[in-house]
Amino acid sequence: MRRNAMIVCLLMATTGAFAQAPEKDSLQTVGLQEVEVIATRATAHTPVAYTNLSKEQLKKANTGVDMPYLLTFTPSVLTTSDAGAGIGYTSIRVRGTDATRINVTTNGIPMNDAESHSIFWVNTPDFASSLQDVQIQRGAGTSTNGAGAFGASINMQTQGISPTPYAEFSGSYGSFNTHKETVKAGTGIINGHWGFDARLSNVSSDGYIDRASVGLNAYFLQGGYYADNTSIRLITFANKERTYHAWNYASKEEMEQYGRRYNSCGLMYEDEKGVQHFYEDQTDNYIQKHYQLLLNHRFNSQWNMNIGLHYTKGDGYYDQYKTDRTLKEYGLQPFVDADGNKVEKSDLIRLKNNDNDFGGGMFNVRYQSRVLSLVAGGAANWHRGNHFGQIKWVRNYVGPINPLQQYYYNTGRKFDSNFFVRADYDIVGGLSAYADLQFRHIHYTIDGVSDNYDWNTGGMARLNLHRDWNFFNPKLGLAYNAGGHRVYASWSVAHKEPTRDNFTDSDPLHYPDAERMFDYELGYSYTGTLFSAGANLYLMDYKNQLVVTGQLSDTGNAICVNVPDSYRAGIELQGALRPVQWFDWQINATLSRNRIKNFVEYIYEDEWTNPISFDRGDTPIAFSPDFILHNSFNFHVAGFDASLISRYVSSQYMNNARSAEAKLDSYFVSDLALSYTFRNLPAAKELKVGFTVYNLFNKKYCNNGYSGAGYYLENGLPVIYRYAGYAAQATTNVLATVTLTL
């Protein structure tokens with residue numbers, strides 16, 4: 001605590017030391033930041049469905065939970081949390097699509113892992129404290145960089161340099177020993193040209209689920225130079241996380257026996273008294289550092305250019321206790337124990353490591369006239385990922401074993417480039433035409449051996465993948481804007497290459513093909529002083545979508561299979577009403593139908609051999625509820641704010657076979673947020689105190705999980721059995737916050 005206090009004082013002292021009155025053109029030069037990432041953003045003239053979240057909206061909800069939970073109440077969004085309290089391993093789904101299909105960028109620079117296509121939000125703790133705004137585009141969206149947007153994209157823009165000096169401290173504390181401490185400071189614009197910002201954050205929680213502890217540390221630093229028509233910013237942000245595993249979830253039987261907070265991760269053994277003992281270091285440990293250099297130059301009132309260079313370094317591992325494992329699968333030989341028994345299986349501890357480098361550059365040039373907006377841009381990114389496993393310990397092992405003996409090693413290399421041209425042309429009377437043409441090239445290789453043991457060859461499965469993809473992604477549409485009314489229609493094509501797991505968990509005979517999506521959007525919205533309303537119809541028609549069918553590879557892993565035809569169709573409704581100055585009501589809902597046509601399920605005897613198949617017809621896509629509702633009542637009186645925020649999610653299946661045994665029940669959950677802001681204080685700009693009650697009505701619900709199936713023979717006939725695990729979420733819990741701005 002003493003060290004943290006010293007850091008706070010140092011930052012505040014630094015702010016005061018460098019603070020100078022900004023020159024007259026400071027606000028003008030800082031205004032350049034507003035157009036830095038325009039190339040990836042949608043506007044009212046862009047015929048796509050999108051939602052903007054401002055800095056103020058993010059700050060209001062930023063009590064300590066991860067970024068997905070700050071986006072929860074936007075249309076078609078679902079969030080999940082392994083630890084059950086919104087901190088740690090959290091995820092987001094948009095229109096039912098998971099993280100591997102959601103393109104995420106910061107200042108136009110890709111955040112998704114190049115191989116898994118996911119973003120691990122545990123590696124961006126308290127990132128909202130350094131954001132200017134966020135735009136969520138649903139569907140194919142506009143052309144962007146990195147992994148293909150195959151259902152949604154999330155475009156984050158970091159805050160610019162403040163024109164005036166500031167310092168801010170915020171702290172939170174609540175249930176499950178959850179706490180967040182954030183210190184921010186900025187110099188303002190020095191001599192009309194220079195500025196610096198810094199943030200330090202600590203986020204920790206014991207988690208709702210047993211032992212689902214999270215410890216996160218992060219920083220954000222930036223320096224900027226501003227001239228009349230040019231700005232340059234150097235940004236670095238990083239994190240260090242240590243998270244106890246909570247991804248096993250719990251079956252209904254385990255919840256009945258041990259309680260709904262039960263976590264089997266790290267279970268070593270159960271003693272004669274029935275007491276379970278767990279491995280203390282069953283943790284994920286990762287450090288990720290980002291560096292961005294951003295240049296913006298305005299040639300004149302019509303032309304401007306953005307250039308960005310970036311590099312990300314990631315390094316970490318997870319530590320895992322495994323019981324009764326076959327030694328050969330880990331490169332170890334069977335041994336003879338003290339009693340003369342040959343031991344082929346034993347308990348062991350393994351480390352699975354990632355050592356990643358990701359870098360590249362992007363550019364875009366924009367022309368803006370009275371009737372035409374034209375953007376041309378592109379990017380090139382490279383990635384190298386080393387994946388390797390080590391044996392840390394083996395119970396009672398007799399024989400030669402080196403410390404941290406390596407049992408697999410492979411390297412993935414990826415080059416991803418794209419070029420796009422986008423135009424908005426005002427035809428007449430508020431009617432505009434839109435075209436967005438992107439070409440994308442990917443080269444991907446994996447060499448080495450995987451972590452899967454191949455019983456056919458008697459060794460770790462070999463990896464020798466060399467693939468190239470070339471995608472053309474056109475987007476066309478019309479938009480009409482007049483008198484608060486907005487109408488749009490668009491047709492888009494999107495492609496997506498398979499992820500790393502699609503290859504490493506498979507074998508050369510089952511390698512998947514790329515996916516393709518045709519996205520049709522039709523929307524209308526009205527914005528007035530009293531109310532606003534909108535509706536968006538969408539159809540995302542997939543060709544060769546990759547889904548889990550129950551099929552296994554030769555090494556026994558579940559594989560994703562290209563299914564010929566599937567789709568997501570629905571309507572997104574939004575409304576807001578502000579009858580008086582001190583009250584507003586906001587609501588959005590999504591009704592959808594998500595189906596795989598002619599789905600065939602495969603089930604294996606004892607989950608391993610002799611597969612049998614079942615034609616299930618048209619089935620719902622897993623984790624895709626048919627109805628989502630978000631509702632918010634907001635009160636604002638003087639410095640007092642209160643919000644009652646609710647969400648309803650209909651039931652959803654955890655597999656693609658419409659199995660009742662693998663179903664998440666519907667749930668309705670409400671949160672109550674209260675705050676009061678003291679302004680014009682003698683020694684501070686403002687002091688805000690808040691108190692949030694999550695899950696106000698103590699609903700016991702689960703929002704994520706997994707399922708599996710197998711069969712056994714009885715009288716020569718197969719008897720199918722199914723099992724499932726459920727991610728229990730926290731019951732009523734609270735979090736208090738205080739923010740002091742100097």
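Assorted remarks:
- The Cβ shell under 9 Å around TYR50 holds other residues with a net charge of +2, Lys and Arg each +1, Asp and Glu each -1.
- Counting only residues at least eight positions apart within a chain, or on another chain, the lysines with an alpha carbon under 20 Å from that of LYS59 are LYS180, LYS184, LYS685, LYS688.
- Per-pair calculated FRET efficiency, R0 = 60 Å: LYS685 and LYS352 via Cβ, rounded to 0.05: 0.80
- Linear extension gain, ASP513 paired with ALA380, 0.36 nm per residue minus alpha-carbon span: 45.6 nm
- For the stretch 43-56, Karplus couplings with θ = phi - 60° (6.51, -1.76, 1.60), whole Hz, Gly/Pro x: 10, 4, 8, 8, x, 9, 8, 8, 9, 9, 10, 7, 4, 5
- You can think of it this way: the chain between SER532 and HIS277 has 86.2 nm of extra reach, that is 0.36 nm per residue less the Cα-Cα gap.
- Residues whose amide H comes within less than 5 Å of that of ASP618, counting only those at least five positions distant or on another chain, are ASN598, PHE599 (H built at 1.01 Å from N in the peptide plane).
- Cross-link partners of LYS328 among aspartates and glutamates, defined as those whose alpha carbon lies under 17 angstrom from its own and excluding same-chain residues fewer than eight positions apart: ASP337, GLU344, ASP347, ASP451, ASP454, ASP554.
- Within-12-Å neighbourhood charge of ARG440 [Cβ basis; K, R +1; D, E -1]: -2
- Spatial separation of Cα centroids for the stretch 342-359 and the stretch 114-144, in angstrom: 29
- Inter-label distance, nm, simple model (7 Å from Cα along the C-beta direction), TYR524/PHE633: 3.0
- Of all aspartates and glutamates in the structure, those lying under 13 Å Cα to Cα from LYS597, and not within fewer than 8 positions of it along the same chain, are ASP541, ASP565, ASP615, ASP618.
- Label point distance in nm, GLU605-THR457, each placed 7 Å from Cα along Cα→Cβ: 2.8
- Placing pseudo-labels 7 Å out from each Cα toward the beta carbon at MET268 and THR43 gives an inter-label distance of 6.2 nm.
- What you get for the stretch 269-393, charging only the Cβ of Lys and Arg (+1) and of Asp and Glu (-1), is a dipole of about 1260 debye around the Cα centre.
- Mean-position separation - Cα centroids, the stretch 429-505 and the stretch 549-606, in angstrom: 18
- Net charge contributed by nearby residues that have their C-beta within less than 13 Å of GLY708 (K/R +1, D/E -1): -3
- Modelled FRET efficiency - R0 30 Å, ILE571 with VAL371, Cβ distances, 0.05 increments: 0.40
- Computed lengthening from LYS328 to TYR258, 0.36 nm per intervening residue step minus Cα-Cα distance: 21.8 nm
- Per-residue ellipticity at 222 nm, computed for the chain from helices alone with -39500 (n - 2.57) per DSSP H run of at least four residues, works out to -1500 deg cm²/dmol.
- Helix 2-18 axis, angle to the chain major axis (alpha carbon atoms, nearest 10°): 30
None of the figures in this text is laboratory data; all of them are computed from the coordinates on show. Keep in mind that this is a model prediction, so the values were computed, not measured. Ideal geometry is used to build each Cβ from the backbone, glycine not excepted, and the neighbour counts take in all protein chains shown.
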